[in-house]
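Visitor: First the structure, which I've put down as structure tokens, then a few questions once you've had a look.
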Amino acid sequence: MCYGTRVVRAAKQLELYYKVDRLYGPMQEGSELIYNYANGWAHPNMWIFPQQRIGKMIPAKWGVMPTTANGASYKEFFAQNRGAFGGLNLRSEAIFSHFMYSQNIFSKRCIIPVDGFFEPHVTPVKLNGKPFKVPFYFKRKDDKPINLAGIYNLTKDNMVTFTIFTNKATPIFEEIHNQPSNKYGDYRRPVVFDDSEAAYWLQNDLDKEQLVDIMNNDLPDYEFDAWPISRDLHKRNGEGDRPDIIERVDYEELAIKF
């Protein structure tokens, strides 16, 4: 599952690395979309690389919404549609039969470039009767950008919204994100591609079999680094959105070693 990301590369850095150009739309020229902690539940605007505009990156709101909805009313929409879980993640196994987005997988795929992401871990310890949870930070070992796989959609008022795909958890993710947080009761991980697969993901002529294959062969566990960080990440006063939030913090409550 992925409900929090870190994006600290400036737009110009992304343009140079991926060899793309920015399209701002209604955003002001020169705007940056940088977050030490981008909390998905706040529905931040983030850069995506859309399938329909190869070679471009555009701002989009995290939390996919249907074509019939007004993007400007996203807060009201998700408050009234709690079963959508903020539109932040979609299960890769279900996308071809999804009543609302099954066609988007063929025409509106996207890549969301981030520097890292956060996952919660539940320790064996309880504090005041509640589980003692510790956030972990994930990044690529080579420090390259993380290519999250997703789809996007255009709302009635022409707002671009997106969601991130998840797969069944691989061992490192199941050990760290060790509490199922969905109605299916399984463990999840975000779908992450290396650079060559990210480019392949955006090609227009992929069929169902090819899409399933690429999603089932995303970045392996040994490509990731992960470590525990400050519990300030989830404080409601915004203390988590600071540069040093990814610094390692060791906890005696942890029963796993990373």
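The values are calculated or read from the model by the stated rules, or taken from the named source; none is laboratory data. It should be emphasised that the depicted structure is a prediction, and the values quoted were computed from it without experimental measurement. FYI the Cβ positions are ideal-geometry reconstructions off the backbone, even for glycines, and counts take in every protein chain you see.
Visitor: Looking at Gly86, Gly55, which one is over 17 Å from Val191 (Cβ atoms) and touching a helix residue (DSSP H, G or I) at 6+ places or on another chain (Cβ under 6 Å)?
Guide: Every option except Gly86 fails the conditions.
Visitor: With the condition kept exactly as written, say whether any residue in the stretch 22-38 is surrounded by fewer than 21 Cβ atoms within 10 Å (Cβ to Cβ), in a strand (DSSP E or B) and modelled with pLDDT of 95 or more. Please lay out each step first, then the result.
Guide: Restricting attention to the stretch 22-38, the residues satisfying the condition of being surrounded by fewer than 21 Cβ atoms within 10 Å (Cβ to Cβ) are 22-36.
When the remaining residues are screened for being in a strand (DSSP E or B), the result is 22, 35-36.
Checking the rest, the ones that are also modelled with pLDDT of 95 or more come to 35-36.
Yes, there is a match, as at least one residue in the stretch 22-38 is surrounded by fewer than 21 Cβ atoms within 10 Å (Cβ to Cβ), in a strand (DSSP E or B) and modelled with pLDDT of 95 or more.
Visitor: Within the stretch 66-139, which strands (runs of 3 or more DSSP E) (wholly inside it) include 1 or more residues that are surrounded by fewer than 17 Cβ atoms within 10 Å (Cβ to Cβ) and touching a residue at least 24 places away in the same chain (Cβ under 8 Å)? Steps first, answer last, please.
Guide: Numbers: elements: 89-91, 109-114, 116-127.
In the stretch 66-139, 89-91, 116-127 are the strands (runs of 3 or more DSSP E) which contain 1 or more residues that are surrounded by fewer than 17 Cβ atoms within 10 Å (Cβ to Cβ) and touching a residue at least 24 places away in the same chain (Cβ under 8 Å).
Visitor: Can you tell me which of Ala42, Ala69, Ala38, Ala84 is closer than 30 Å to Glu175 by Cβ and touching a Ser or Thr at 6+ places or on another chain (Cβ under 6 Å)?
Guide: On the way: Ala42 fails: touching a Ser or Thr at 6+ places or on another chain (Cβ under 6 Å); Ala69 fails: closer than 30 Å to Glu175 by Cβ; Ala84 fails: touching a Ser or Thr at 6+ places or on another chain (Cβ under 6 Å).
Step by step, each of Ala42, Ala69, Ala38, Ala84 is checked, and only Ala38 is closer than 30 Å to Glu175 by Cβ and touching a Ser or Thr at 6+ places or on another chain (Cβ under 6 Å).
Visitor: In the stretch 1-24, what residues are touching a strand residue (DSSP E or B) at 6+ places or on another chain (Cβ under 8 Å) and without any contact (Cβ under 8 Å) to a residue 12 or more places away in the chain?
Guide: none
Visitor: What pairs come up if the first residue lies in the stretch 189-206 and is of a type in the set (Lys, Arg), the second is buried (at least 18 other Cβ atoms within 10 Å of the Cβ), and their beta carbons are under 7 Å apart, counting only those six or more places apart or on different chains?
Guide: Correct list of pairs: Arg189/Thr166; Arg189/Asn167; Arg189/Ala169; Arg189/Phe173.
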